[in-house]
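Some notes on the structure that comes next.
The values are calculated or read from the model by the stated rules, or taken from the named source; none is laboratory data. Quick caveat: nothing in here was measured; it's all calculated off a predicted structure. Neighbour counts run over all protein chains shown; Cβ positions are idealised from the backbone, glycine included. Ligands, DNA and RNA are stripped out before the accessible areas are found, and what is left, the full protein with its side chains, is counted by its heavy atoms. Shrake-Rupley method; radii C 1.70, N 1.55, O 1.52, S 1.80 Å.
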Amino acid sequence: MSIIWSVILIICIAFSCVSSNPSCVIESITNSSINAINNIWIIASMLIFWSGIFNILSNTKILSKLSQKVYGFFSFLFKKNEVSKKAQQYISLNIVSNLLGVGNAATINSLNGIEELQKNNANPQKINKSMAMFIALNTASMQIIPTSMISLRTLYNSSCPEKIIIPVILVSFISLTISLISVNFLWRFYD
């Protein structure tokens, strides 16, 4: 894949130098680099902020109460004997992170959640249904407030950056529903 991208890049630069002013290529590369750094800065600052909030919550009783409430809503997706209290906390934090639209902060909780679910896995060579459900739940990433996208839209001076909230809720709800139905249907052939 890197060879393909390298060839495409070389062809584009050569074509640009032949057909127009080469200074446009340099200007475009510079502007793209600046935009990339700005995007990284916005996303990294959101990740740092929410990771800090979740780290603070993990040292309080708020986390256990929050995890009970959130996990209680999604508990029907998991088998009781496969999910420990610690796994419930990580699953809950992952769900809350995704609901707030900070999927980057959800990553560490999903990895820790899978690790905890693996501890109660009867067959360590295969995933269990709770792990499959959690992966589907995490991947579908149900969002209510897409904060990362709103931040990026604000960065690019969108006139109404919050206008994507309703479409994101609809799309994420549809993807979550299809993911969970797919796991339930396909699990029959896996198990």
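Quick notes
- Candidates Ser110, Ser28 - the one that is farther than 20 Å from Pro146 by Cβ and either in contact (Cβ under 8 Å) with a residue 12 or more places away in the chain or part of a helix (DSSP H, G or I) (or both): Ser28
- The sole residue among Ile53, Ile40 that is part of a helix (DSSP H, G or I), surrounded by fewer than 17 Cβ atoms within 10 Å (Cβ to Cβ) and either at pLDDT 80 or above or touching a Phe, Trp or Tyr at 6+ places or on another chain (Cβ under 9 Å) (or both) is Ile40.
- Taking the criterion of being outside any helix (DSSP H, G or I) and more than 13 Å from the chain's Cα centre (by Cα), the residues of the stretch 146-178 that qualify are Tyr156, Asn157, Ser158, Ser159, Cys160.
Each row is one residue, and each column tells you yes or no for (1) at pLDDT below 85; (2) part of a loop (DSSP other than H, G, I, E, B); (3) over 18 Å from the mean Cα position of the chain (by Cα); (4) of a type in the set (Gly, Ala, Ser).
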{"residue": "Ala44", "(1), (2), (3), (4)": "yes, no, no, yes"}
{"residue": "Leu57", "(1), (2), (3), (4)": "yes, no, yes, no"}
{"residue": "Leu63", "(1), (2), (3), (4)": "yes, no, yes, no"}
{"residue": "Lys69", "(1), (2), (3), (4)": "yes, no, yes, no"}
{"residue": "Lys86", "(1), (2), (3), (4)": "no, no, yes, no"}
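- Residue in the stretch 179-187 that is farther than 24 Å from Leu93 by Cβ and in a loop (DSSP other than H, G, I, E, B) present: no
- Answer from Gln143, Gln125 - the residue that is assigned to a loop (DSSP other than H, G, I, E, B) and closer than 21 Å to Ile48 by Cβ: Gln143
- Meets criteria (surrounded by 12 or more Cβ atoms within 10 Å (Cβ to Cβ) and β-branched (Val, Ile, Thr)) for Ile91: yes
- The stretch 148-157, residues that are surrounded by fewer than 17 Cβ atoms within 10 Å (Cβ to Cβ) and either among the β-branched types (Val, Ile, Thr) or touching a Leu at 6+ places or on another chain (Cβ under 9 Å) (or both): Thr154
- The stretch 95-146, subset within 18 Å of Phe78 (Cα to Cα) and of a type in the set (Gly, Ala, Ser), residue surrounded by the most Cβ atoms within 10 Å (Cβ to Cβ): Gly113
- Boolean, Tyr71 is open to solvent by 40 Å² or more (accessible area, probe 1.4 Å) and aromatic (Phe, Trp, Tyr): no
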